[in-house]
Each structure stands twice: as C-alpha cells, then as structure tokens.
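Note sheet for the following structure.
Only the coordinates and a few stated rules stand behind these numbers; no lab work does. Owing to the predicted nature of the structure, the values given are computational and were not obtained by experimental measurement. Cβ: placed from backbone, ideal geometry, glycine included. Neighbour counts: every protein chain shown.
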Amino acid sequence: MSIQRRRGQKARVWRTVEVTDSRGNTVTMADPHGPIEVRAAFVPQRSARAEVPGQQEINVTRMIVDAHLEGVSLWSRVEYAGRQWDIVSPPAYHHGDRRTRHWSIDIRERP
C-alpha cells in the first residue's frame, strides 16, 4: 500500500446495493445499513466558485483507495471532511503489484 493511502485521510463510503421496494421493483441505492470506513488519498481535480447569485460552487476531487474496496459505483456516496460527496464517474481500477494496485474514484461535493 502506498504511503499516501496508508497515512491518508479517513472517509466513509456507502456501497451500492439493490433492494426491492414495496411495489416489487428492484431499486439501486446507497447501502441503508451504513457506511464502511476507509483510508484514502485525496487529490483536488477542479473547482469553480459561485461568482454570481444563483450559480453553484463545484468541487471535484479524486479519491485513491485500496484495491480491496468492492461494491462501489455511481450510486454510492462518500463522506469526507465533514461533507457529503457523490461519485461522478465510474471507479477506475489500476492494476499493479500488491502494494500499488488501487481504485481511483472522482467525487463531487454535494451543494
């Protein structure tokens, strides 16, 4: 495991699960049973400040986590630095030797 991920910052990740609603439909959502705690490295990607009333502030960050994290997709959620984040692109798996393989996930702060 890289030093960045080993000494990284704590985050909570809600995995994606499929549940059946009261009408019998299969619904994809963040795990209602709660999050898992992970250590990750965070790299700021891009941001835009709201200059005019009515605009939104956009913060996008790349989260680099251990390769053993499973069940994360676009429907998952992340809590990092006391704020809620959505996953904006499918997680990308980077294969390497045992110490360097990892997932990189782009996350966007919720407004």
**Message:** Which trypsin sites (Lys or Arg not before Pro) in the stretch 21-111 sit in a loop by DSSP (not H, G, I, E or B) and have at most 16 other Cβ atoms within 10 Å of their own Cβ?
**Reply:** R23, R49, R98, R99, R101
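Report the calculated FRET efficiency for E57 and I36 (r = Cβ-Cβ distance, R0 = 25 Å), to the nearest 0.05. Walk me through the numbers on the way to the answer.
On the way: r = 28 Å, r/R0 = 1.12.
Once rounded, the FRET efficiency stands at 0.35.
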**Length-normalised contact order for the stretch 9-109 - Cα pairs under 8 Å, 6+ apart - percent** = 27 percent
**Request:** Calculate for the chain the 222 nm mean residue ellipticity that helices alone would give, adding -39,500 (n - 2.57) per DSSP H run of length 4 or more and normalising by residue count, nearest 500 deg cm²/dmol.
**Result:** -500 deg cm²/dmol
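Where does the chain land on Rg(C-alpha)/(2.2 N^0.38 Å)? Could the numbers behind the result be given before it?
Working: Rg = 15.5 Å, N = 111, 2.2 N^0.38 = 13.2 Å.
Normalised by 2.2 N^0.38 Å, the Cα Rg of the chain equals 1.17.
Note the full-extension length gain between E70 and S104 as 0.36 nm times their separation in residues minus their Cα-Cα distance, in nm to one decimal. Display every interim value, and only then the final one.
Values: separation 34, 0.36 × 34 = 12.24 nm, distance 1.23 nm.
11.0 nm is the gain from fully extending E70 to S104.
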**Message:** Per 0.36 nm of contour for each residue apart, how much would the distance between V88 and T28 grow if the chain were fully extended, relative to their Cα-Cα spacing?
**Reply:** 20.0 nm
